[in-house]
Amino acid sequence: MPEAIVREAFQTQAAACNALGSPFTARLCRLLADRLQTTQGAVARTILHWPGPPGPSDDSVPLRIAGALHALVLSERIDPLTELEDDPLWPAVQQAFQQHEAFILDRLTSPPQTNEVRRSAALLPGLFIVAKQTGKPLILSEVGASAGLNLQLDRYRYRLGQTEWGPQSPVLLSPEWRGEAPEIPDTFTVLDRAGCDLTPLNPSSAEDRLRQLSYIWADQTDRMERTRNALSIAADNHLQVEKADAIDWLAKRLKDPKPHAAHVIFHSVAWQYFPDALKQKGEALIAEAGTRATPDAPLARLQMEGDGQPQGAALTLQIWPAGEKQEIGRADFHGRWVEWRGWVP
């Protein structure tokens, strides 16, 4: 890939980080775009000679390197970088590249894995709709679940507009809420939950917790605290995500209808990254399962995915056996705001 394309990827990521409230990561990306040279060692050459598409929607090279540096800080192998101005920051980055070359090169081989807990505040009201429309307890199946932190969304406390819901929890989610408050169903029960990921993270593993936290932007301390607390809840509940291909895993989960329960397939900022052929296969698989749904064993699909629109991600919900699909709202990719529309009868 030409160096100019790689540098452009860092500039694009810098703009995104600024928009999403991380001025430090934006500065870091701009510095790498402007000052990285192939003569600076193996890490620089690996980045600038990246073989595939390096941008935020593809291989996310800027976030790979930002995560590697943050992991070094969190493991106390280098000093914190967030308070440094550009002139002292750049030598500190170069020194890290030289002293921890093997570690950084290894981390560059893996895509970033984020598990943004605040997305639960956008997903939960969709589950409220499923519970209210079907009158059933829920079975949850999440694809691209990472460490499964959004799979345990009923274990957090919420403030959604004027509505509060949830158990006492060290994780409180209170996004900027636009629109009417969501309607809470009379009963809301999760009977079973499972998730899959090609490279799942285990909340009970210190190494996996470090990897998860390292991909949070270093100057966003509120996200760090929230994710640490969510990881602790997951570990206490022995939550584990299965290592599996999403489509193969879905085929098994959808093989038989779930009587006396509503089975909800959901995903957030994951499906959009699947190859087109896999997406088509998955769409056909879910649609076929929808034809087998009954009022006693309904099926639903809840999505929070980018749709090319400038304002956040689309929240869409489809419920079978009727198969009706609606856009129930939009949400910031990091869950900072939710624009709620709800289910229109």
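General observations
- Charge dipole magnitude, Cβ of K and R +1, D and E -1 - the range 3-107, Cα centre, debye nearest 20: 160 debye
- Dipole magnitude (debye, nearest 20) for the chain, charges at Cβ of Lys, Arg, Asp, Glu: 560 debye
- Kirkwood hydrodynamic radius of the range 203-345, from inverse mean 1/r over distinct Cα pairs, in Å: 17.4 Å
- Listed residues A14, A246, A206, most fluctuating in the chain (Gaussian network, C-alpha, under 10 Å): A206
- For L254, net neighbour charge (Lys/Arg +1, Asp/Glu -1) across residues whose Cβ lies under 10 Å away: +3
- For the range 3-107, convex hull volume per residue from C-alpha positions, Å³: 93 Å³
- The angle separating the long axis of helix 221-236 from the principal Cα axis of greatest extent in the chain is about 50 degrees.
- Which of Y156, Y215, Y273 has the fewest Cβ neighbours within 10 Å, and the rest in rising order: Y273, Y215, Y156
- Percent antiparallel among DSSP beta bridges (both partners in the chain, rounded to 5): 45 percent
- Pairwise inverse Cα distances across the chain, averaged and inverted, put the Kirkwood hydrodynamic radius at 21.1 Å.
- Equivalent-ellipsoid semi-axes for the range 45-84 (Cα gyration tensor, √(5λ), whole Å, largest first): 24, 10, 9.
- Efficiency of FRET from Cβ geometry, E180 and D58, R₀ 41 Å, rounded to 0.05: 0.60
- Positive-end ranking of A289, H100, Y158 along the dipole of the chain, with charges on Cβ about the Cα centre, is headed by A289.
- Bins of 5 Å from zero: percent of alpha-carbon pairs in the range 98-220: 2, 9, 16, 20, 18, 13, 9, 6, 3, 2, 1, 0
- Taking 18 Å as the limit for the C-alpha separation, the pairs K243/K325; K255/K281; K136/K258; K132/K325 exceed it in the case of K243/K325.
- Signed unit charges on C-beta, dipole axis of the range 117-340, positive-most listed residue A230, H267, G323: A230
- A straight Cα-to-Cα reach below 14 Å connects K252 with the aspartates and glutamates E142, E242, E288, residues fewer than 8 places away in its own chain not being considered.
- Between the range 32-110 and the range 229-308, the alpha-carbon center distance in angstrom: 34 Å
No lab work stands behind these numbers, since they all come straight from the coordinates. Because the structure is predicted, anything quoted here is derived from the model rather than measured. Note that each Cβ is placed from the backbone with ideal geometry, even for glycine, and that neighbours are counted across all protein chains shown.
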